[in-house]
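> Just dropping this structure here.
The values are calculated or read from the model by the stated rules, or taken from the named source; none is laboratory data. What you see is a predicted model, and the numbers here were worked out from it, not measured in a lab. FYI the Cβ positions are ideal-geometry reconstructions off the backbone, even for glycines, and counts take in every protein chain you see.
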Amino acid sequence: MSIKTETKAVVNELIQTANLKKGDILVVGCSSSEVIGEKIGTSSSVDTANEIFSAIYEILQEKGIYLAAQCCEHLNRAIIIEKELCQKSGLDEVNVVPQPKAGGSFATAAYKNFQNPVAVEQIKADAGIDIGGTLIGMHLKKVAVPVRLSVKKIGEANIICARTRPKFIGGERAHYDENKM
């Protein structure tokens, strides 16, 4: 399977499994180095990142789901999003433009391809895809639930996916909405 085909399969399966809807947010962290079989942070590949970004973005735009692209640790894992989402969510914009070696190739692809890109320090996403060990957990809503998919890798990079759910409150007498579990 090609990287683009693997990526599309992961995104489509996660959208279905996590029950993502229009207006939801999907955070993606991507080590293009890991995808091409190298150690994270050592061999950033603009072409690989662009291929993964385009596969993800095409599907999300069609479904009205927002993409939040996580930068690498050199930018403190800042997030690149569309300005519309920034304003809608009441987030504070920060001033940084990701580059392949400072932010990562995936975040750079997002910045170059979004209609009106901005950077924010954090977001609370509804689901996430970690491609190659980029540690996206800080950008998920409070209760993250692991999601196992049929595709385990994109290229050579392991993937870990998660969805979120509302917190359970109320103790042993409480009843819960099965659709939100």
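> Filter the range 31-78 for residues that are out of contact with any Gly (no Cβ under 6 Å at 6 or more places or on another chain), of a type in the set (D, E) and either outside any loop (DSSP other than H, G, I, E, B) or within 11 Å of K101 (Cα to Cα) (or both) and give the result.
D47, E51, E58, E62, E73
> Tell me which of these Y176 doesn't satisfy, since it passes every other one: (1) in a loop (DSSP other than H, G, I, E, B); (2) over 13 Å from C30 (Cα atoms); (3) of a type in the set (S, T, Y); (4) at pLDDT 95 or above.
(4)
> Next question. Quick check: anything in the range 61-69 in contact with a Cys (Cβ under 8 Å, 6 or more places away or on another chain), surrounded by 15 or more Cβ atoms within 10 Å (Cβ to Cβ), touching a residue at least 24 places away in the same chain (Cβ under 8 Å) and aromatic (F, W, Y)?
no
> What are the pairs, 6+ residues apart or on separate chains, where a residue within the range 129-145 that is in contact (Cβ under 8 Å) with a residue 12 or more places away in the chain has its Cβ under 6 Å from a residue that is polar (S, T, N, Q)?
From residues that are in contact (Cβ under 8 Å) with a residue 12 or more places away in the chain, the pairs are G132/S31; T134/S31; I136/Q70; L140/T164; K141/T164; V143/T164; A144/T164.
> Spot the failing condition for K153; the list is (1) crowded, with 18+ Cβ neighbours inside 10 Å; (2) among the basic types (K, R); (3) within 16 Å of I56 (Cβ to Cβ), and only one is missed.
(1)
> Which of the residues belonging to the range 88-115 are closer than 21 Å to L60 by Cα and exposed (fewer than 13 other Cβ atoms within 10 Å of the Cβ)?
Across the range 88-115, the qualifying residues are K88, Q115.
> Moving on. Anything in the range 81-105 that is among the aliphatic types (A, V, I, L, M) and without any contact (Cβ under 8 Å) to a residue 40 or more places away in the chain? List them, or say none.
L91, V94, V96, V97, A102
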